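Here is the structure we will look at, set down as structure tokens.
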Amino acid sequence: MRTHFADSLDDLSCGLASMCGLTVTAMSEATSALLDADLRTAERVLDANTDLDGAASDWEHKAFSLLALQAPVAHDLRFTVGGLHIAASLHRMGALAVHIAKIARLRHPAPAVPLEARAVVADMGRTAVARATETQLILRHVDSARAQELVAADTVMDELRRRLFTVTQAQQWVHGVQAAVDVTLLGRFYERFCDHTVEIGRRIIFLETGRLLARPDALLP
């Protein structure tokens, strides 16, 4: 019975890592669709989000079944309950990638990001993908030490968002209010995506230590 329970926990851990892999792909493709005005890739991101929806629903069903049938305690209970929070964050990360793809689709065939903002947005996309990739590794190995580093490194995206705001507020900005709104929203979507990787890092630390770090201001309700 205990062996079966351990196998179930391993299966749940792998499920979270697989879900995170879907967010890596979604964010990478959403950024490509945005910068290349690629309608086909944008539509692919939107269609693929159903896979993440299904994976999240399946993970929650397995977790609740484990809680009901096995009555886990201590570390195992923390993992199962904490995993529900992680699955919710991963689901929201996928939704944020969809929001980016929708802006690309909405402005097609014109590019949604003016030339002046492209470099910053490209850096945001690379940063988001890198953080999600690191999060996937942390989830696969339930590595609290790397999770600590993930939480501590939550500054790059904040600086990029400040740079983006500076671009849209410059006197040289000639693209109007709508483009400024689009770019500002995109900055927020990328920032929130990375905020959720921080939240996942906090949860991994909790799973291993029983200690839940205070939320950064950006994650406060």
Would you work out the charge dipole size for the chain about its Cα centre, treating the Cβ of every Lys and Arg as +1 and the Cβ of every Asp and Glu as -1, and quote it to the nearest 20 debye? 380 debye
Rounded accessible area per residue of the chain, 1.4 Å, Å²: 48 Å²
Length gained if residue 137 through residue 185 is fully extended, taking 0.36 nm per residue and subtracting the Cα-Cα distance, is 14.4 nm
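Would you mind telling me the share, in percent, of accessible area of the chain contributed by carbon and sulfur at probe 1.4 angstrom? Could you put the intermediate results ahead of the total?
Numbers: 6090 of 10690 Å².
Taking all protein chains in place, the chain shows 57 percent carbon and sulfur surface.
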Kirkwood Rh over alpha-carbon pairs of segment 41-152, then Stokes-Einstein at 37 °C and 0.692 mPa s: what D in µm² s⁻¹, rounded to an integer? 200 µm²/s
Using alpha carbons only, how many degrees (0 to 90, rounded to 10) separate the axis of helix 39-70 from the longest principal axis of the chain? 20 degrees
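Need one word for segment 50-113: rounded, prolate or oblate. Basis is the Cα gyration tensor (sqrt eigenvalues a ≥ b ≥ c); a/c below 1.5 gives rounded, then a/b vs b/c decides.
Because a/c hits 1.5 or more and a/b exceeds b/c, segment 50-113 counts as prolate.
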Could you tell me the distance between the Cα centroids of segment 119-144 and segment 8-69, to the nearest Å? 14 Å
Tilt of helix 115-141 relative to the longest C-alpha principal axis of the chain, in degrees (0 to 90, nearest 10)? 10 degrees
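Counting helices only, and only those DSSP H runs with n ≥ 4, report the 222 nm mean residue ellipticity of the chain as the sum of -39,500 (n - 2.57) divided by its residues, in deg cm²/dmol to the nearest 500.
-30000 deg cm²/dmol
The values are calculated or read from the model by the stated rules, or taken from the named source; none is laboratory data. Treat the numbers as computed from the prediction; the structure is a model and nothing was measured. Cβ: placed from backbone, ideal geometry, glycine included. Neighbour counts: every protein chain shown. Side chains included, ligands, DNA and RNA excluded: accessible areas come from the protein's heavy atoms. Shrake-Rupley method; radii C 1.70, N 1.55, O 1.52, S 1.80 Å.
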